[in-house]
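Asks: Questions regarding the structure given below will be posed in turn.
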Amino acid sequence: MLLNKEISSFEEYFWTYSQSCKSLTEYRHELISGWDDNASKELNLKYFNPQAEDSENSLLLFQNQISCLTDMNAFLTTIDSLLIKISAISKEIESLINHANTDIKKSYYSLNESIENKHEAIHWKNETIKELNKLGELKKAHNRVGKGLSNP
């Protein structure tokens, strides 16, 4: 998908080049049939045969490159699809982290509130103990005064 234009362009160039090579080869075969002397043999060995081999190699390399581009296109399409999935998962993870952070903040608030309530309860417990101790002292004092009044 991502490289379709480039692949199409390569395929078009490959087709044009292969047609040119085919035309040249056909033209050469036409000439060879009517041109069979030492000079033509030397030209064939020196120039035309190597050119034909180079053309074949070039066509094979073109086909290989088109195949590689097609494979790369498939890999890039897969990577693109995976990136979309990764992005969606990343957003979901981010949302879960935000919810977890909110829950942690609420927990800290509840913990701090519980600690404050505990300290307040301890304070009032100590105040109550002091008041009870005072009452106990007053009762003892009252009992001593009451014993003193009843024993004249």
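FYI, it's all coordinate maths here, none of it is from the lab. Values in this document were obtained by computation on a predicted structure and should not be read as measured data.
Asks: Report relative contact order for segment 2-152 in percent, whole number only (criteria: Cα-Cα under 8 Å, sequence separation at least 6).
Replies: This gives 35 percent for segment 2-152.
Asks: Extension gain Asn57-His123, at 0.36 nm per residue separation less the Cα-Cα distance, in nm?
Replies: 14.3 nm
Asks: Note the per residue figure in Å³ for the convex hull of the C-alpha positions in segment 53-101.
Replies: With only Cα atoms used, segment 53-101 gives 42 Å³ per residue.
Asks: Could you pull out every one of the aspartates and glutamates with an alpha carbon less than 18 Å from that of Lys140, ignoring same-chain neighbours closer than 8 positions?
Replies: Those aspartates and glutamates meeting the cut-off are Glu131.
Asks: Now for a different question. For Lys41, list the aspartates and glutamates whose Cα falls under 15 Å from its own Cα; do not include residues on the same chain fewer than 8 positions away.
Replies: Glu30
Asks: List the equivalent ellipsoid semi-axes of the chain in whole Å, largest first, each obtained as the square root of 5λ for an eigenvalue λ of the Cα gyration tensor.
Replies: 110, 13, 6
Asks: Which aspartates and glutamates does Lys130 reach when only Cα atoms under 18 Å apart count, and residues fewer than 8 places away in its own chain are ignored?
Replies: Qualifying aspartates and glutamates at Cα under 18 Å: Glu120.
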